[in-house]
Amino acid sequence: MDAAHRVARTTLESGRQTFLDNVTGISLEEALDAGGGFRSILGLAKHTAAWTAVYHSFAFDEAPRSWMETDWPRGLRERIEPSEDYLEEVLAWFERGSERWLGSVEKPTDLDEARPVHWGDVWPLREIVAYTAAHWAYHAGEINVILANRRREAWEYGEHVEENHISTIGHSVRRPWVTDEQAERAEREMRRAATGPVPGK
């Protein structure tokens, strides 16, 4: 695989993994949460999976399938089924679609070839790849915010930026590799930062 195809694949893999990291293991209750707004995690996942399919179809299919024509799980476009099974189907739809993207950018695919996009323009395939991966990461970020607020999570231990106007002490995310000693040290640092003098004042 040459450098250009490696970059395309790595870009897609990174965006895909970012999305999957944020939806893996979520409960139905979490998936139905819109964080006080109007876009639930399930809705965001469904939207992301749908555009993943549409972008791919326009880039690679002789007869592209639009938003209205794509394979919506259970045929539901404007509705959802509030069930674990339906959530799993939507997430599996994203996984299939994103895997299809990974397979489609292997050599000998011409990444500079102009391909259609659904709004009637044409872009080089490499730009559609970047756009697709960014779309996955963008909505993963929205999901991350809803989950972080719902779970009352702040920053990961070792990556905290204490916010003096919001106490984040006791709300850090602990990854499996963080030891008790590292967690305790981070908590001490956060307490010292929250109560100590502000540098430069």
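The values are calculated or read from the model by the stated rules, or taken from the named source; none is laboratory data. Just so it is clear, the structure is predicted and the values come from calculations on it, not from any experiment. Neighbour counts are summed over all protein chains in view; Cβ atoms, including those assigned to glycine, are modelled from backbone coordinates with ideal geometry.
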Exercise for the section: Can you tell me which residue among Trp101, Trp67, Trp51 is more than 18 Å from the chain's Cα centre (by Cα) and modelled with pLDDT of 95 or more? Expected result: Trp67
Handout entry: Extreme residue, surrounded by the fewest Cβ atoms within 10 Å (Cβ to Cβ), among residues of segment 161-186 that are of a type in the set (D, E, K, R) and modelled with pLDDT under 85
Key = Glu163
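Rundown of residues vs (1) touching a residue at least 12 places away in the same chain (Cβ under 8 Å); (2) touching a Leu at 6+ places or on another chain (Cβ under 9 Å), yes/no style:
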| site | (1), (2) |
| --- | --- |
| His5 | yes, yes |
| Gly15 | yes, no |
| Phe19 | yes, no |
| Gly37 | no, no |
| Trp51 | yes, no |
| Glu78 | no, no |
Problem - Options Gly158, Gly120; residue that is surrounded by fewer than 12 Cβ atoms within 10 Å (Cβ to Cβ) and among the small types (Gly, Ala, Ser) - result: Gly120
Fill in the blank from the handout: The condition from (1) under 17 Å from the mean Cα position of the chain (by Cα); (2) within 23 Å of Gly25 (Cα to Cα) that Thr132 misses is numbered (2)
Practice task
Examine segment 91-99 for a residue that is closer than 20 Å to His135 by Cα, polar (S, T, N, Q) and either free of Cβ contacts under 8 Å to residues at least 60 places away in the same chain or surrounded by 12 or more Cβ atoms within 10 Å (Cβ to Cβ) (or both), and state whether such a residue exists.
Solution key: yes
Practice task
Can you run down the residue pairs with Cβ atoms below 9 Å, 6 or more apart or on separate chains, where the first is in segment 149-163 and closer than 16 Å to Gln182 by Cα and outside any loop (DSSP other than H, G, I, E, B) and the partner is modelled with pLDDT of 90 or more and of a type outside the set (D, E, K, R)?
Solution key: Glu156/Val178
Fill in the blank from the handout: If you go through Pro124, Pro116, Pro82, the only one that is touching a Phe, Trp or Tyr at 6+ places or on another chain (Cβ under 6 Å) and assigned by TED's automatic domain parsing to the domain that holds Glu69 is Pro116
Practice task
Could you please let me know if Glu113 is more than 15 Å from Arg9 (Cβ to Cβ) and charged (D, E, K, R)?
Solution key: yes
Exercise for the section: Determine whether Leu111 is touching a residue at least 24 places away in the same chain (Cβ under 8 Å), in the same structural domain as Gly43 (by TED's automatic domain parsing) and not charged (D, E, K, R). Expected result: yes
Problem - Test result for Arg115, of a type outside the set (A, V, I, L, M, F, W, C) and surrounded by fewer than 16 Cβ atoms within 10 Å (Cβ to Cβ) - result: no
Exercise for the section: Would you be able to say whether some residue in segment 139-147 is over 25 Å from Thr10 (Cα atoms), at pLDDT 90 or above and in the same structural domain as Glu30 (by TED's automatic domain parsing)? Expected result: yes
